[in-house]
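Student: Before we start, here is the structure in question, set down as structure tokens.
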């Protein structure tokens with residue numbers, strides 16, 4: 001049997017892949033090379049405007065300064081408004097308290113005025129009876145001396161609010177100069193009345209009462225009272241405890257000194273009452289306080 005020579009050997013298979021020319025092979029695409037300078041440029045383009053390396057324009061500095069100044073200024077204004085409101089409230093409270101003190105003081109002054117008006121006729125009678133006493137007739141003196149020179153109503157001002165205004169810095173809260181001047185004038189009057197009150201109580205009436213034993217025979221007065229009761233003065237004769245005329249006239253001078261004190265003291269109290277009334281009206285008007 002003849003061999004088929006045209007049949008290809010099985011162990012030498014034919015390469016069926018088409019031949020590709022060498023020049024037609026596509027070269028591998030190169031990886032894009034990154035330029036460091038280019039990357040830096042790209043980063044600079046997209047960086048935040050507030051980066052530490054960012055250079056601000058003068059307008060930005062001016063805006064920030066203005067915002068900071070505005071915040072501080074508004075804070076200062078708010079605090080100033082708050083302090084003004086608090087101080088205004090305290091000022092009004094001081095004025096209300098001062099009005100109450102003035103009302104109490106003027107009422108007290110009215111009591112003292114009435115007391116001295118009651119005594120004044122007795123002052124005159126006792127002083128005028130001195131001539132009769134020198135001649136052994138002490139009936140007028142015995143009858144009226146206690147009414148004239150006994151204990152009298154004291155003037156004790158309520159100065160609590162005034163002391164706070166002066167010592168605790170309260171006067172600086174008062175912005176009305178007219179009010180400040182009126183308060184200080186009122187305070188000066190109070191001091192004058194207080195000094196005169198102490199002067200009358202201690203130097204005039206007090207001295208007269210304490211020294212009367214050197215001039216008047218109190219033992220004789222007590223004896224007459226035990227014998228005759230309430231009308232003992234009708235039997236009062238010579239009540240002097242001394243025959244020394246100089247001593248007797250010393251007593252007379254003390255009587256006149258105490259008498260004239262009332263004539264000076266009363267106008268002072270009247271003037272004080274009017275001054276207190278005007279100050280109350282001024283405070284109520286300036287601070288819009290209701291009239292109680």
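Conditions tested, residue by residue: (1) touching a strand residue (DSSP E or B) at 6+ places or on another chain (Cβ under 6 Å); (2) touching a residue at least 40 places away in the same chain (Cβ under 8 Å); (3) farther than 18 Å from residue 134 by Cβ.
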{"site": "201", "(1), (2), (3)": "no, yes, yes"}
{"site": "220", "(1), (2), (3)": "no, no, no"}
{"site": "229", "(1), (2), (3)": "no, no, yes"}
{"site": "243", "(1), (2), (3)": "no, no, no"}
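Student: Report, by residue number, each residue of the range 234-260 that is in a helix (DSSP H, G or I), within 57 Å of the chain's Cα centre (by Cα) and over 21 Å from residue 121 (Cα atoms).
Tutor: 246, 247, 248, 249, 250
Student: Among the listed residues 210, 231, which satisfies the condition of being over 42 Å from the mean Cα position of the chain (by Cα) and modelled with pLDDT under 90?
Tutor: Answer to the selection: 210.
Student: To continue, here is another question. If you go through the range 279-292, how many residues are surrounded by fewer than 13 Cβ atoms within 10 Å (Cβ to Cβ) and either in contact with a helix residue (DSSP H, G or I) (Cβ under 8 Å, 6 or more places away or on another chain) or within 15 Å of residue 178 (Cα to Cα) (or both)?
Tutor: 4
Student: So, in the range 119-143, exactly how many residues are over 54 Å from the mean Cα position of the chain (by Cα), assigned to a helix (DSSP H, G or I) and more than 21 Å from residue 228 (Cα to Cα)?
Tutor: 3
Student: Report, by residue number, each residue of the range 145-190 that is surrounded by fewer than 20 Cβ atoms within 10 Å (Cβ to Cβ), at pLDDT below 90 and part of a helix (DSSP H, G or I).
Tutor: 146, 147, 160, 163, 164, 166, 167, 171, 172, 173
Student: While we're looking at this one, here's another question. Name the one entry in 239, 224 that is out of contact with any strand residue (DSSP E or B) (no Cβ under 6 Å at 6 or more places or on another chain) and either surrounded by 18 or more Cβ atoms within 10 Å (Cβ to Cβ) or under 30 Å from residue 286 (Cβ atoms) (or both).
Tutor: Among 239, 224, only 224 is out of contact with any strand residue (DSSP E or B) (no Cβ under 6 Å at 6 or more places or on another chain) and either surrounded by 18 or more Cβ atoms within 10 Å (Cβ to Cβ) or under 30 Å from residue 286 (Cβ atoms) (or both).
Student: Among (1) at pLDDT 90 or above; (2) under 30 Å from residue 220 (Cα atoms), where does residue 106 come up short?
Tutor: Result: residue 106 passes all but (2).
Student: In the range 116-144, how many are closer than 19 Å to residue 190 by Cβ and modelled with pLDDT of 90 or more?
Tutor: Residues meeting the conditions: 0.
The values are calculated or read from the model by the stated rules, or taken from the named source; none is laboratory data. Quick caveat: nothing in here was measured; it's all calculated off a predicted structure. Please note: Cβ atoms are built from the backbone with ideal geometry, for glycine as well, and neighbour counts cover all protein chains shown.
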